[in-house]
Amino acid sequence: MDKMTARRLQPDAAGIDAATGILAGGGLVAFPTETVYGLGADARNGQAVARVYQDKGRPSFNPLIVHVPNLKAAQGYGIFDETAQQLAGTFWPGALTLVVPLAQGHGLSPLVTAGLDTVALRVPAHPLAQALLHAFGGPLAAPSANPSGRISPTTADHVLSGLSERIEAVLDGGACAVGLESTIVGGSPLALLRPGGVATEEIEALTGPLAIAGDTISAPGQMASHYAPRAALRLNASQARPGEVLLGFGPMECTLNLSPAADLVEAAANLFDHLHRLDAMGRPIAVTQVPDTGLGRAINDRLTRAAAPR
Ligand code: TXA
Ligand code: MG
């Protein structure tokens, strides 16, 4: 992508207006929450979400947190049982993220959840995050606004020092009050998936003891079989063998193509949807080679896991 320099948007009506315009056009805007700055993208737009992974330089598709203005909006994307509703009622808006089953007709890009059937939802308390979410009127996927492996940003300057050449804008709301990412809970039995801004004891006062997430849920991105389609997957195929369906990349004949134009952002945006659709055909899946650079690394990481023996 062309080099750019992120705009610093002021925390006023004009700044919010500019931010919503960029987001609606599929661009990326970093914004303050009470925990850390988030790198925001329209969670319904696969290409925008793919750019989040690309610009952070994430080597794999770890699922992202979806930010919404309130519980009512959250219920459009996730299913809240009684405990989840109670937690939301107590800690939202605030530094708690709830992982819940995806709701019917959620409309989120499958890249946000990395193909899982659950979604991480959070209602931030920061007034500027609230103003942005209300003005935008849609869900924002937002990981911490730092390049992968670097320290989480708690000021707009931190964001700019890491991502200035990769994102459209940062909404400058000063320093974040909490300075530590949100606490994440989810699963059944309810487990602590990540300690963070809300103390575990405060949550347990409501729910009773939380399970400690084993490696089964704590790091879905690390698991080989979690993401796997039912069908067998054969990598680095040059063409389909009899009976196989072929997932292509670049100009070629195939059953479904990740990106006929060989664009890795487009390929990432299509990845989970195409895998689901091919899996539904009930035949073995052959996958053509995808370049192992930039977002291609995350795509290949996912494909390798999907092909791993179970
Ligand atoms: O405070 C925060 O939570 C910040 C601000 C910007 O809101 N966001 C943040 O996002 O820390 P991120 O993407 O850096 O962390 C997301 C975490 C990952 O560790 C991921 O594995 C987990 O949430 N996660 C997301 N969806 C999940 C799911 N469906 N199941 C289990 N874990 C999930
Ligand atoms: Mg982070």
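Couple of notes before you dig in:
- Mean Cβ count within 10 Å, highest first, over the residues of peptides 134-140, 28-34, 262-268, 44-50: 28-34, 44-50, 262-268, 134-140
- Here the Karplus relation 6.51 cos²θ - 1.76 cosθ + 1.60, evaluated at θ = phi - 60°, turns the backbone of segment 185-194 into coupling constants of 10, x, x, 9, x, 4, 10, 7, 8, 7 Hz, with x for every Gly and Pro.
- The calculated Kirkwood hydrodynamic radius for segment 233-307 is 12.0 Å, given to one decimal from all distinct C-alpha pairs.
- The ellipsoid that matches the Cα gyration tensor of segment 88-161 has semi-axes, each √(5λ) in whole angstrom, of 23, 17, 13, with the longest given first.
- Dipole magnitude (debye, nearest 20) for segment 34-107, charges at Cβ of Lys, Arg, Asp, Glu: 260
- Size of charge dipole - segment 7-212 - debye, nearest 20, with Cβ of Lys, Arg +1 and Asp, Glu -1, no other charges: 480
- Springs between Cα atoms under 10 Å define the GNM used for the chain, and in it the highest mean-square fluctuation of D42, D117, D172 occurs at D117.
- Order by protection proxy (mean Cβ within 10 Å, highest first), peptides 165-171, 21-27, 99-105, 206-212: 165-171, 21-27, 99-105, 206-212
- If you sort the three axes of the alpha carbon gyration tensor as a ≥ b ≥ c, you get a/c of 1.5 or more for the chain and a/b no higher than b/c, which makes it oblate.
- Of all DSSP-defined beta bridges confined to the chain, some 45% are antiparallel rather than parallel.
- Computing FRET efficiency as 1/(1 + (r/R0)^6) for Q86 and R277, where r is the C-beta to C-beta distance and R0 is 51 Å, gives about 0.85.
- Cα-based shape type of segment 110-267, given that a ≥ b ≥ c are square roots of the gyration tensor eigenvalues and the cut on a/c is 1.5: oblate
- Cα centroid of segment 258-276 to Cα centroid of segment 135-202, whole Å: 27
- Candidates V66, S144, A262 compared by Cα position along the dipole of the chain: farthest toward the positive end lies A262, with charges placed on Cβ.
- The chain: calculated mean residue ellipticity at 222 nm from DSSP helix runs of at least 4, using -39500 (n - 2.57): -9000 deg cm²/dmol
- Candidates P242, P229, P63: whichever shows maximal mean-square fluctuation once the chain is modelled as a Gaussian network with Cα springs under 10 Å: P242
- Among 248-257, 176-185, sorting by the average number of other beta carbon atoms lying within 10 angstrom of each residue, highest first, gives 176-185, 248-257.
- The modelled label-to-label distance for the pair L180/A211, using points 7 Å beyond Cα in the direction of Cβ, is 2.5 nm.
- Carbon/sulfur fraction of accessible area - segment 7-212, other protein chains in place, 1.4 Å, %: 53
The values are calculated or read from the model by the stated rules, or taken from the named source; none is laboratory data. Everything quoted here is computed from the prediction, not taken from an experiment. FYI the Cβ positions are ideal-geometry reconstructions off the backbone, even for glycines, and counts take in every protein chain you see. Quick note on the areas: whole protein, heavy atoms, side chains included, nothing else; ligands and nucleic acids left out. Shrake-Rupley method; radii C 1.70, N 1.55, O 1.52, S 1.80 Å.
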